[in-house]
1. Could you please give the count of residues in the stretch B:80-95 that are surrounded by 24 or more Cβ atoms within 10 Å (Cβ to Cβ) and more than 7 Å from chain A (Cβ to nearest Cβ)?
2. Is it fair to say B:ARG144 is within 12 Å of another protein chain (Cβ to nearest Cβ) and outside any loop (DSSP other than H, G, I, E, B)?
3. May I ask you to list the residues in the stretch A:282-307 that are surrounded by 24 or more Cβ atoms within 10 Å (Cβ to Cβ) and closer than 27 Å to A:LEU205 by Cα?
4. Mind listing just one residue for me: the one in the stretch B:188-201 that is assigned to a loop (DSSP other than H, G, I, E, B) and over 14 Å from the mean Cα position of the chain (by Cα) and, of those, surrounded by the most Cβ atoms within 10 Å (Cβ to Cβ)?
5. Based on this model, can you work out whether B:THR24 counts as closer than 22 Å to B:LEU222 by Cβ and either among the β-branched types (Val, Ile, Thr) or assigned by TED's automatic domain parsing to the domain that holds B:THR230 (or both)?
6. For residues that are part of a strand (DSSP E or B) and under 20 Å from B:CYS201 (Cα atoms), scanning just the stretch B:1-20, find the one that is farthest from the other protein chains (Cβ to nearest Cβ).
7. In this structure, is B:ALA152 farther than 20 Å from B:THR24 by Cβ and under 16 Å from the mean Cα position of the chain (by Cα)?
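The values are calculated or read from the model by the stated rules, or taken from the named source; none is laboratory data. None of these values were measured; they are calculated from a predicted model. Neighbour counts run over all protein chains shown; Cβ positions are idealised from the backbone, glycine included.
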Amino acid sequence: MSIALTRPTASRLGLRWLWVTPLVLVTALIAGTAIGETPIPVDTILKVLANQLLGADYAVDRIDAGIIWNYRLSRAVVAACCGTSLALAGVVLQALLRNPLADPYLMGISAGASTGAVAVAVAGLGAGALSLSLGAFVGALLAFGIVVMLAHAANSGVGGGRGVQAAGAIILAGIAGSQLFNALTAFIITKSASAEQARGIMFWLMGNLSGVRWADVSLAVPAALFGLLVCLWHRRSLDAFTFGADSAASMGIAVRPVRGMLIIAMALVTAVMVSIVGAIGFVGLVIPHAMRFIVGSRHTRLVPATALAGAVFLIGSDILSRVLVSGQVLPIGVITSLIGAPAFALILVRDKRS
Amino acid sequence: MRLSAEKLAWSVHGTPLLTDVNLTVEPGQTFGLVGPNGSGKTSLLRLLAGLNKPKAGRVLIDHQPMHTLKQRTIAQSIALVEQQADTTDRITVRQVVSLGRTPFLSALRPWSKEDDAIVAQALRDVDMAHMTDRLWHTLSGGERQRVHIARALAQQPKILLLDEPTNHLDIRHQLSILELVRQLPITVMISLHDLNHAMECDRIGVMDNGRLIDSGPPHEVLTTNRLQQTFGVYAHVIDDPVDGKQVMRFRSAM
């Protein structure tokens with residue numbers, strides 16, 4: 001009987017929860033705009049929004065309006081996009097590689113994207129935001145390709161054609177790949193960048209939202225939406241990988257094209273985010289696991305839940321990075337890693353036990 | 001549906017695992033696949049399920065070459081129960097069996113009441129209906145195997161391939177699964193280690209060293225000679241006084 005009672009409740013919960021999504025997101029964005037070195041009252045924010053978006057004509061302090069519109073709001077929106085994208089990339093990698101520790105940061109994708117972006121920025125291969133993203137994308141794919149090849153080579157002695165990826169191999173390959181690309185980044189910086197350039201890049205590499213403007217928003221929002229739509233469209237394919245690639249194939253998933261497309265899409269989205277804010281760690285690892293714990297591992301729910309939680313988490317981390325040390329902005333990567341590293345350890349320990 | 005293989009070959013890193021396999025399973029037949037460890041049973045089932053592309057030869061589903069069909073189309077006709085498939089996801093029995101509906105669902109054809117009914121029936125077929133909401137990691141090996149079979153049944157396949165499905169099962173569930181599989185009105189190919197179980201199939205094929213060395217009705221194929229040559233055991237046949245069927249006893253060949 002308890003079965004009959006719990007089922008409809010669960011589905012009602014799912015529905016109610018969907019209603020809440022935009023509310024939570026808007027609240028987080030307003031909080032991200034309101035909280036900071038100079039706190040700004042919510043009604044001022046709403047007035048500025050009404051002025052900008054609806055063409056209203058409220059009287060607002062010009063400096064406040066400037067801070068809200070040109071600085072904090074764009075920053076909060078990019079933080080949300082970035083959190084959504086990195087968390088979704090984590091969901092996809094964990095589902096496809098059947099590895100709870102997969103995430104764009106650990107798999108070398110972020111490191112590769114950093115190298116690509118730095119190469120473009122320093123060596124001056126073209127200019128503008130788009131070419132920076134393109135460089136990051138090439139770097140991301142290159143790094144991921146090397147990591148997968150390395151893991152494959154390490155596994156081929158054991159394989160037996162069953163497509164079982166030994167959990168350890170791909171993580172070790174990811175670490176090796178990350179180190180390699182981080183070294184390449186450092187090499188490019190010391191070789192070609194001026195001292196001032198180098199300082200700026202190092203700060204950016206740790207994850208930095210300070211330079212974000214509306215131009216970045218127009219790149220980040222479409223990228224995040226694209227990532228979300230791809231994941232939602234392929235939610236059943238992601239579910240089908242529950243028992244591995246062979247099982248997915250026997251249930252009608254064209255494994256190679258679907259897996260390739262999903263990974264390239266996530267590498268692209270990650271690369272766009274890295275080119276805007278630098279490499280931010282642990283979002284892709286911690287958020288999907290937390291959400292699996294709350295909404296379960298079916299992607300119909302997991303994908304939207306992760307997208308929302310990633311956005312809120314990164315807006316929150318950004319707020320912390322601005323208020324934790326007064327008069328100074330910490331790199332956001334420091335905050336996410338301070339939260340993420342212990343969570344990572346927790347996952348490792350729990351994984352060992354089960 | 002008729003399932004046939006023509007001159008199938010398969011190899012990994014230059015090691016041939018299957019050589020020149022020809023066979024046909026007629027619609028509705030239950031075909032048992034026997035052979036020593038490493039004789040190529042699993043490789044053959046993987047090729048027949050479309051998980052690997054043969055290095056040579058082809059697989060035909062009702063005279064249609066498999067390589068011309070989409071993976072999704074294949075999965076709408078053929079289901080496979082693998083030997084071992086595990087997950088670390090926190091997922092319920094119902095959710096696992098629901099995965100079997102994947103090849104039929106799309107943006108235009110969302111989950112429906114009918115799918116719910118198919119899943120419920122599949123769970124009843126394997127005697128797991130009382131565990132619908134149990135979590136996967138709390139199940140025993142045998143229960144997991146039965147859930148996998150239910151998942152395959154939820155695909156409503158016309159051809160069902162099972163790779164040693166009775167491993168891990170207690171004797172009662174071994175018999176009930178075999179009984180269920182035999183009664184299904186669809187084409188079934190099942191690899192088995194228990195030769196007495198294999199005797200209940202309509203036809204059997206014997207694999208040895210990557211070749212299908214013999215196939216036909218069980219009594220013609222599983223002769224004492226064959227058992228000694230391929231499996232390296234002596235067998236003698238005993239009549240069961242209860243139902244008059246024949247039972248094989250084995251002794252190791254000195």
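1. 2
2. Answer is yes for this residue.
3. Scanning the stretch A:282-307 gives A:PHE282, A:VAL283, A:GLY284, A:LEU285, A:VAL286, A:ILE287, A:PRO288, A:THR306, A:ALA307.
4. Step by step, filter the stretch B:188-201, then rank; the result is B:MET199.
5. Details: closer than 22 Å to B:LEU222 by Cβ: yes; either among the β-branched types (Val, Ile, Thr) or assigned by TED's automatic domain parsing to the domain that holds B:THR230 (or both): yes.
When the stated conditions are applied, B:THR24 passes them.
6. In this case the residue turns out to be B:SER4.
7. Against the criterion (farther than 20 Å from B:THR24 by Cβ and under 16 Å from the mean Cα position of the chain (by Cα)), B:ALA152 qualifies.
Listed here are the residues, each with its yes/no results for (1) farther than 25 Å from A:VAL334 by Cβ; (2) small (Gly, Ala, Ser).
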position: A:THR185; (1), (2): no, no
position: A:ILE188; (1), (2): no, no
position: A:TRP204; (1), (2): no, no
position: A:VAL212; (1), (2): no, no
position: A:VAL230; (1), (2): yes, no
position: A:SER237; (1), (2): yes, yes
position: A:ALA245; (1), (2): yes, yes
position: A:MET251; (1), (2): yes, no
position: A:GLY281; (1), (2): no, yes
